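Laboratory data are not the source of any read-out in this text; all were calculated from the coordinates shown. The structure presented is a predicted model; accordingly, all values stated were derived computationally and were not measured. Glycine also receives a Cβ, built like all others from the backbone with ideal geometry; neighbour counts cover every protein chain displayed.
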Amino acid sequence: MKRQQLVVIGNGMAGARAVEEVLARGGGEQFDITMFGEEPYGNYNRILLSNVLSGLQDPQDIYLNPLAWYKENGIRLHTDARIDKVSRPGKRVRVAKTGEITPYDKLLIATGSRSFIPPIAGLTLPDGSLKPGAYGFRTIDDCHNIIGQARRSRRAVVIGGGLLGLEAARGLVNHGCEVHVVHLAAHLMEQQLDSPGGAILKTVIEKMGIQIHLQKSTTAVLGDDRVTGLAFKDGTTLDCDLLVISAGIKPNAELGVRSGLTVERAIVVDDHMRSVDDMSIYVVGECAQHRGRVYGLVAPLWEQAKVFADHLTGRKPDAAYHGSKLATKLKVMGVELASMGLTEPKEERDEIIQFTEPRRGTYKKLIVRDGRLIGGILMGDISKAAYLMQAFDRDSPLPDERLSLLFDLGTPSQKVTLDEMPAASQICNCNGVSKAAIGACVAAGQRTAKSVMEKTRAGMGCGSCKSLVAELVAWFCGGAVDEDPSIHYYVPGIPLTKPELIKVIRERQLKSVSSVFEALCDGREDAASKPALASLLIILWSGDYEDERDARFINDRVHGNIQKDGTFSVIPEMPGGVCTPAQLIRIGEVAAKHKVPLVKLTGGQRIDLVGVPKDQLPAIWRDIGMPAGYAWAKSYRTCKSCIGSDYCRFGLGDSMALAGKIEKRFRGIDSPGKLKLATAGCPRNCSEALVKDVGAVAVEGGKWEIYVGGAAGSHVRKGDLLCTVDTHDEVLLYAGRFMQWYRENAKYKERTYTFVQRLGIERVRAVIVEDSDGIAAALDQAMQESVDATKDPWLEAHALKTPNQFAALIRAAGE
Amino acid sequence: MRREHAVCALAQIPPGEGRSFDIGGHKVAIFRTRSCEVFALQANCPHRGGPLADGLVGGTTVVCPLHERAFDLRTGTGLGHEDSLKSYGVRLSPTNTIVIAID
């Protein structure tokens, strides 16, 4: 059968994508394909132009289909070839520049859109071109021109505070000029956001140094032969030497008009994406108007391309496009945003669920009608976006518990989420790739995220789903035989399990983290492995460990817990929550003297001075004069206690004294994970000793029960009974022996609740109590050495360990 | 305008660590690796403003102390994510003073 001629006008994302869909349906056998592109380049991802403008990506990186792709698929590509005429009776198109004529059997118009140039006085020259200094923001050429001008500019103005305009502004900031955004509407991104959302976004953007002018109508562009400023309706002016117009898009529909097709805002199509006037002409993308709507996002475009290809190739002669529900996930200037459907309620019965936290730039709003989601905005935290966008798209009923729509309550692990995710759920909203499609690709032999993305195109649109795709690929590969051995390594950079690594470290007498890297990986350091190695070396060498501070997390370099704003917390030792009146007064006086922003009782029965800048730490420690409470470290933390037998009328054992002895002995002992302890004077367990890493509970008869492996944090587990003993000293002995065994055998960051559960309490009891392995004496001795080697780190207030150890911000010498 | 600033002696930054500096109003994190290379980046993580000078340095990578975002010390490029940092030119004077170029 003779092949038909398919001619495609437009080599942008829509045209190329439509052709890909045709090829995917075997259309290469049915059609000879010729494409005409107006730009002198191949086909690129317009969504990423803002990254090119900001310098994050090279123009080379945003090309979608290399020239080789056209060749391999037998497509004739004509670049720099604008079509100015379609002769429908003769079924031919003509290239404007050369007059070349190409016949077609089927024609696809995918000419896209261009920047809308608002009618502002002085914006254009008499010949219709933009005044020098003013640019649209739509093509690679626009990007190049803007970058060239930005380098010479002092002040740039972007007209338009929509998504593209803000992206342009972000790009301009990176080029060092002062940037202003002038916006006609009352808030930013009014297509996607409501007024409070727009206000929060404005605050976030202004913090980046961009000035925003709202409700500002530009009446004139100043300057005789190039842009020198803008004049506004309110009589004010703003000087500038670079102007970017981003006031929306205008469909490139002129070709349709000239060809006698029905054009309203764009070329009008039916549900098969065909012109309503001509059975041989299809239209997709931003130049198409379907049921009165013109779409400017990629997801609808992909759907249209599929319908077009199904219909054209006859794969599904009844393929029909029914319009798209607009939901989009994007990143504006580093702010993550998801938006779907309505931004404001329309009817009285519409229900609004809303959460605002302006200081952190978090805003969530959902509009629900009859139990179904009809609109939503998520800003700052979009962790629920995937679920909500799916519920929106499918019109599926929402759970009655509305709070769970905005927040993850409880802690379902990632794995459960991937497990539970239905096969049909859409992972890549740009390219419409489902979980099942990713699974099929893995099953077909692709084993890396990269190759799966290349095959399925998942993650190749806006890129925001890449990490989810990678997780899914790992998940689908999960049960396979070729298990990654590195999961058993103690640290990722060194291919040894913990026992193997310990053996090598002991044999070769490696006592510092840098010597481990030197000896075992040719000196190649790995940042994430450093603290894990430091922890292990401290446990193995106690006093002989060679402390290199760069190997430790910041908390362990300055002996406080870093807070979200970069300040630290100060928690002095307070065994069993007991202190003297003099100590209490002193803590209060120190907090007042140093203007500590927050004084808080901790969950570990201690007093926390929160929000202390790094450079104030030494002075506060000196003034308090109490030892460190180690509240920052992976180490022994604290021992809680109830009031015990001294005063409590139910008390059976002296839990306060025991807590004091425990803290005095084990304070500062480093370990793979935190060690939180408690002692309870009776089985009522007011100090919650049953859910601690190690807990001691007094029972009738003067005895103590020792529990290990308990937890009551993100994970809740009742500790297992290790043994019952008669004295405080025995509690110290078995608790210490257990902790030492845990120190030597647990994985880094593995808490005792996992460790004990992994090995089983019977095994733990055999080693610790019955000495089945004959290592009890060695464990006791190693623990004693660690106890002896521990020094109060807050003494570094008097003798710094490294230069500028506590400096928060150092003024440069020459300033 | 590009200007060079003599910031401090190399010895003011311990090997493998970073420190935050105020250089004529610019907040800059300067790092000295264990192999004695020196790098300068914007001081705060674009994610949540974490103090990068307090991060862990390994090879030519720094990891933010707040949420473990990694960056390439040489270029400021994000590793495994899309944020990136401004990076500054650095040289050592003959007397081992760290000199930073700021535009």
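Some values worked out for this structure:
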item	result
Cα centre as origin, Lys/Arg/Asp/Glu Cβ charges: the range A:678-725 dipole, Debye	60 debye
Aspartates and glutamates whose Cα lies under 19 Å from that of A:Lys91, excluding same-chain neighbours fewer than 8 positions away	A:Asp32, A:Glu100, A:Asp105, A:Glu254, A:Asp277, A:Asp278
For the protein assembly as shown, calculated [θ]222 nm from helices alone, where every DSSP H run of n ≥ 4 adds -39500 (n - 2.57)	-8000 deg cm²/dmol
Zone residues, the range A:239-268, relative to A:Asp84, backbone N less than 17 Å from point 7 Å out along Cα-to-Cβ	A:253-260
A:Lys511 paired with A:Glu344, simple spin-label distance in nm, labels 7 Å along Cα-to-beta-carbon	7.3 nm
Among B:Gly89, B:Cys8, B:Thr77 - extreme Cα towards positive end, dipole of the range B:3-102, charges at beta-carbon	B:Cys8
Acute angle (nearest 10 degrees) that the helix A:163-173 long axis makes with the longest principal axis of chain A, alpha-carbon atoms	70 degrees
Nonlocal amide H pairs with A:Leu342, under 5 Å, H built at 1.01 Å	A:Gly375, A:Gly376
Net lengthening on full extension, A:Ala436/A:Met279 (0.36 nm per residue, minus Cα-Cα)	53.0 nm
5 angstrom amide H check on A:Met273, placed H, neighbours 5+ away	A:Tyr321
Per-residue mean of C-beta atoms belonging to partner chains within 10 Å, peptide A:547-553	5
Relative contact order of the range A:338-398, defined on C-alpha pairs under 8 angstrom at six or more residues apart (%)	34 percent
Dipole moment magnitude, nearest 20 debye, the protein assembly as shown about Cα centre, only Lys, Arg, Asp, Glu C-beta charged	1200 debye
Which listed pairs, of A:Lys450/A:Lys530; A:Lys384/A:Lys614; A:Lys564/A:Lys676; A:Lys435/B:Lys86; A:Lys202/A:Lys346; A:Lys661/A:Lys747, have C-alpha distances above 32 Å, in listed order	A:Lys384/A:Lys614; A:Lys435/B:Lys86
Mean-position separation - Cα centroids, the range A:686-757 and the range A:212-249, in angstrom	70 Å
Counted charge near A:Val699, where neighbours are those whose Cβ lies closer than 15 Å (Asp, Glu -1; Lys, Arg +1)	-3
Residues whose placed amide H lies under 5 Å from that of A:Lys85, excluding near-sequence neighbours	A:Arg94
Chain A, relative contact order in percent, only Cα pairs under 8 angstrom and at least six apart counted	7 percent
Residue order, fewest to most beta carbons within 10 Å, for A:His213, A:His798	A:His798, A:His213
0 to 90° range, to nearest 10: angle between helix A:498-507 axis and chain A longest Cα axis	60 degrees
Nearby aspartates and glutamates by direct alpha-carbon distance to A:Lys664 (threshold 17 angstrom, same-chain neighbours under 8 apart not counted)	A:Glu573, A:Asp654, A:Asp729, A:Glu730, A:Asp780, A:Glu785, A:Asp788, A:Asp792
Likely footprinting exposure, A:Thr328, A:Thr203, fewest C-beta neighbours within 10 Å first	A:Thr203, A:Thr328
Cα-based convex hull volume of the range B:3-102 per residue, rounded to whole Å³	82 Å³
Under 12 Å, Cβ to Cβ, from A:Trp541 - net charge with Lys/Arg +1 and Asp/Glu -1	-3
Along principal axes, Cα extents of chain A, largest first, whole Å	105, 66, 62
Vicinal HN-Hα couplings computed from phi for the range A:259-264 (Karplus, 6.51 cos²θ - 1.76 cosθ + 1.60; Hz; Gly/Pro x)	8, x, 8, 6, 10, 9
Estimated FRET transfer efficiency (A:Phe232, B:Ala6; beta-carbon r; R0 41 Å; 0.05)	0.35
Spatially proximal aspartates and glutamates relative to A:Lys511 (Cα-Cα < 15 Å; intrachain offsets below 8 disregarded)	A:Asp544, A:Glu546, A:Asp547, A:Glu548, A:Asp550
Whole-number Å³ per residue for the convex hull built on Cα positions in the range B:22-80	77 Å³
Chain A: angle of helix A:776-789 to the longest principal axis, Cα-based, in degrees nearest 10	80 degrees
Percent of beta bridges antiparallel (DSSP, the protein assembly as shown, rounded to nearest 5)	70 percent
Fewest-first sequence of B:Leu66, B:Leu73 by Cβ atoms within 10 Å of each Cβ	B:Leu66, B:Leu73
